[in-house]
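What follows is a short report on a single structure.
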Amino acid sequence: MSDFQAWMTERQGRVELALSNALSAANIAPMRLHDAMRYAVLDGGKRVRPLLAFASGELTGADISRVEQAAIAVEMIHAYSLVHDDMPAMDNDVLRRGKPTVHVEFDEATALLVGDALQSRAFEVLSQPGLTSDASTQVQMLGILAAASGSHGMAGGQAIDLESVGKTLELPELEFMHILKTGALIRASVTLGALCGKPMDEVAMNKIDHYAKCVGLAFQVVDDVLDSEASTATLGKTAGKDAAQNKPTYVSLLGLARARELAEELRTDAHAALAGLGSDSTRLKQLADYIVLRKY
Ligand code: GRG
């Protein structure tokens with residue numbers, strides 16, 4: 001196992017445990033809701049956003065137990081978005097992370113509440129005392145996660161996505177949608193991880209923010225490529241949905257070969273953004289590689 005693989009496995013294990021501890025046990029009332037929340041969050045997913053938070057926390061010498069809390073807050077928001085996205089009113093999917101989606105395994109009302117409650121729990125976790133050395137940074141972090149999740153972030157991107165089915169989007173419009181839908185939360189993950197440590201100067205902060213923008217977009221381009229060429233079994237979610245739903249994607253707009261090239265260009269840009277940050281940025285660099293070269 002490579003050093004990076006070992007790092008990733010260790011951090012993913014931490015995230016799993018921290019999420020399990022942060023979520024109410026399934027035998028605590030209301031039991032069906034708590035059971036469904038655990039089902040939605042635990043034992044699945046690559047944990048890319050938490051990994052990004054851990055990696056940027058290394059740049060500011062952040063205490064790992066603090067980053068862990070910021071990381072699980074972001075992961076709870078991400079998990080809620082997947083639960084709602086899979087519901088019949090949105091993407092209407094039956095498979096997620098290799099398991100039946102929450103509304104299929106439980107029911108639609110429960111799935112709605114799972115998303116609502118995960119969102120609230122995320123902010124509760126992020127607001128716990130002692131997460132950062134000074135309260136104003138913590139308030140800043142709460143604002144960052146709120147903005148990334150809202151109508152100018154993930155939820156806004158989802159709204160544009162829903163409006164765009166069956167339409168022809170130009171590349172800039174597609175990019176705008178993804179910057180909001182997936183990019184905002186990925187960017188927030190990187191910023192929140194860094195804010196758990198020592199203050200960073202503005203130049204360095206801008207560098208990691210530029211890195212995060214490149215990685216966020218690369219993540220989506222690769223997601224489109226995988227949707228068009230990987231199998232449902234490999235992805236753990238229904239493959240080929242974009243084409244089936246006539247959704248504009250990087251593959252439909254650019255073709256497979258150019259989409260692959262674009263992901264590579266964004267990986268190079270992400271690496272370049274880290275120039276001058278020293279060896280503490282190694283994990284961020286490796287994560288850019290992982291995100292672009294992943295197979296699921
Ligand atoms: C419902 C408000 C609301 C938002 C939903 C993120 C999102 C917005 C929907 C997800 C739909 C989707 C498949 C988007 C493409 C990129 C993406 C976020 C894929 C899933 O993220 P991964 O690959 O999933 O990080 P895992 O399971 O590994 O965590």
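The values are calculated or read from the model by the stated rules, or taken from the named source; none is laboratory data. The shown structure was predicted, so the numbers you read here are calculated from the model rather than taken from an experiment. Quick reminder, even Gly has a Cβ in these numbers, built from the backbone with ideal geometry, and neighbours come from all protein chains shown.
If the condition is being of a type in the set (A, V, I, L, M) and closer than 24 Å to Arg11 by Cα, then the range 274-289 contributes Leu274, Leu277, Leu284, Leu287, Ala288. Taken over the range 124-173, the criterion of being among the β-branched types (Val, Ile, Thr), within 16 Å of the ligand (Cβ to nearest atom) and either touching an Asp or Glu at 6+ places or on another chain (Cβ under 6 Å) or assigned to a loop (DSSP other than H, G, I, E, B) (or both) is satisfied by Val165 alone.
Which one of Leu180, Leu185 is among the hydrophobic types (A, V, I, L, M, F, W, C), more than 19 Å from Arg47 (Cβ to Cβ) and within 16 Å of the ligand (Cβ to nearest atom)?
Leu180
In the range 229-240, what count of residues is obtained for those that are in a helix (DSSP H, G or I) and surrounded by fewer than 17 Cβ atoms within 10 Å (Cβ to Cβ)? Before the answer, list the steps.
Applying the first criterion (in a helix (DSSP H, G or I)) to the range 229-240 yields 229, 232-235.
Filter once more, keeping what is surrounded by fewer than 17 Cβ atoms within 10 Å (Cβ to Cβ): 229, 232-234.
Summing the residues that are in a helix (DSSP H, G or I) and surrounded by fewer than 17 Cβ atoms within 10 Å (Cβ to Cβ) in the range 229-240 gives 4.
Set side by side, the residues Ala148, Ala135, Ala159 differ, and just one is free of Cβ contacts under 8 Å to residues at least 40 places away in the same chain and within 16 Å of Leu195 (Cβ to Cβ), which is Ala135.
Among the conditions (1) within 23 Å of Gly183 (Cβ to Cβ); (2) surrounded by fewer than 22 Cβ atoms within 10 Å (Cβ to Cβ); (3) touching a Leu at 6+ places or on another chain (Cβ under 9 Å); (4) of a type outside the set (Gly, Ala, Ser), Leu113 misses just one, which is (1). Pick from the range 1-47 the residues that are part of a helix (DSSP H, G or I) and basic (Lys, Arg): which of them is farthest from the ligand (Cβ to nearest atom)? Looking at residues that are part of a helix (DSSP H, G or I) and basic (Lys, Arg), I get Arg32. Among the residues of this structure, Ala184 does not count as one that is free of Cβ contacts under 8 Å to residues at least 40 places away in the same chain, closer than 24 Å to Pro100 by Cα, out of contact with any Asp or Glu (no Cβ under 6 Å at 6 or more places or on another chain) and of a type in the set (A, V, I, L, M). Can you confirm whether the range 260-282 contains a residue that is assigned to a helix (DSSP H, G or I), within 16 Å of the ligand (Cβ to nearest atom), of a type in the set (S, T, N, Q) and at pLDDT 95 or above? No; the residues of the range 260-282 include none that is assigned to a helix (DSSP H, G or I), within 16 Å of the ligand (Cβ to nearest atom), of a type in the set (S, T, N, Q) and at pLDDT 95 or above. Remark: Val67 matches the filter, which requires a residue to be under 30 Å from Ile208 (Cα atoms) and in contact with a Gly (Cβ under 6 Å, 6 or more places away or on another chain). With respect to the stated conditions, Thr232 fails to be of a type in the set (Ser, Thr, Tyr), out of contact with any strand residue (DSSP E or B) (no Cβ under 6 Å at 6 or more places or on another chain) and more than 15 Å from the ligand (Cβ to nearest atom).
Residues that are in a helix (DSSP H, G or I) and free of Cβ contacts under 8 Å to residues at least 24 places away in the same chain do occur in the range 208-227, at least one of them. Just one of the listed residues (Ala257, Ala263, Ala288, Ala230) is closer than 20 Å to Val94 by Cα and either in contact with a helix residue (DSSP H, G or I) (Cβ under 9 Å, 6 or more places away or on another chain) or among the hydrophobic types (A, V, I, L, M, F, W, C) (or both), namely Ala230.
Scanning the range 247-259 for residues that are without any contact (Cβ under 8 Å) to a residue 40 or more places away in the chain and either under 11 Å from Asp227 (Cβ atoms) or assigned to a helix (DSSP H, G or I) (or both) yields Val251, Ser252, Leu256, Ala257, Arg258, Ala259.
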